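Worksheet for the structure shown next.
The values are calculated or read from the model by the stated rules, or taken from the named source; none is laboratory data. Note that the structure is predicted; figures quoted are calculated from it, not measured. Neighbour counts are summed over all protein chains in view; Cβ atoms, including those assigned to glycine, are modelled from backbone coordinates with ideal geometry. Side chains included, ligands, DNA and RNA excluded: accessible areas come from the protein's heavy atoms. Shrake-Rupley method; radii C 1.70, N 1.55, O 1.52, S 1.80 Å.
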Amino acid sequence: MANLSNINNILRTSSTGVGINCDAEFSLDIEKASANAILSLNSNGGSGAEYLLYSGTSGEFVINKRYVGDRLTISSGGDATFTGNIATAADKRISVGTWDNSAFTGGNAYGFSVTSSLPLLHLTESDQTNKKGYVGLTGGSMYVGGLISNLYLQSGASGTTALTIDSSQNATFAGDVQAAGLYVGSTNTSFDF
């Protein structure tokens, strides 16, 4: 077998690896001046497709399904943008920061976790004008709310509404309300029924 090297100074081989437009620092190095450096992977059998991996001139890394579009873009700052859904197998975790579920179960739990000085889950309903909801923590207190019409707390197998809080902060309970004491008004007058 012949050794290939220095073909018009484009393909360069060494004991380290193969370099395209550069000397090899790794097993395979591709360098492109003033343009995206692109690697194509193509399976043309069955339902195969061609995917492109490239390093862009703005510092981004992209996985692209050719003739369809970008699937994953990682910016030069490290932000990742997916064009499709993100799924995990059952009993896996998505975590921002260190996973800690000690306040809930004290043991193993799975789902979504945010550790931050101001952790927040923010929801925006795309087909409604300015309707946003959140669950967050600040100053040791938990907040649930947002720019919403109503807040519903539901329970039971069919998700029956147990409590409705409307935009005027009126609360409507669907069932009985039990309390050790009931105080009405700003003078904290107690009533027994």
Selected residue [open to solvent by less than 100 Å² (accessible area, probe 1.4 Å) and under 30 Å from GLU60 (Cα atoms)] from THR138, THR115, THR160, THR172: THR115
With segment 29-76 as the region, which strands (runs of 3 or more DSSP E) entirely inside it contain at least 1 residues that are over 30 Å from SER14 (Cα atoms) and open to solvent by 40 Å² or more (accessible area, probe 1.4 Å)? 61-65, 69-74
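If you take just the strands (runs of 3 or more DSSP E) that sit entirely in segment 88-193, which of them hold at least 1 residues that are modelled with pLDDT under 85 and either of a type outside the set (Val, Ile, Thr) or out of contact with any strand residue (DSSP E or B) (no Cβ under 9 Å at 6 or more places or on another chain) (or both)?
Working: elements: 93-96, 111-114, 120-124, 132-138, 141-147, 150-155, 160-166, 171-173.
Because the criterion is at least 1 residues that are modelled with pLDDT under 85 and either of a type outside the set (Val, Ile, Thr) or out of contact with any strand residue (DSSP E or B) (no Cβ under 9 Å at 6 or more places or on another chain) (or both), the strands (runs of 3 or more DSSP E) in segment 88-193 that meet it are 93-96, 111-114.
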Only one residue in ASN150, ASN130 is over 27 Å from SER95 (Cα atoms), touching a Ser or Thr at 6+ places or on another chain (Cβ under 8 Å), open to solvent by less than 100 Å² (accessible area, probe 1.4 Å) and polar (S, T, N, Q). Which one? ASN150
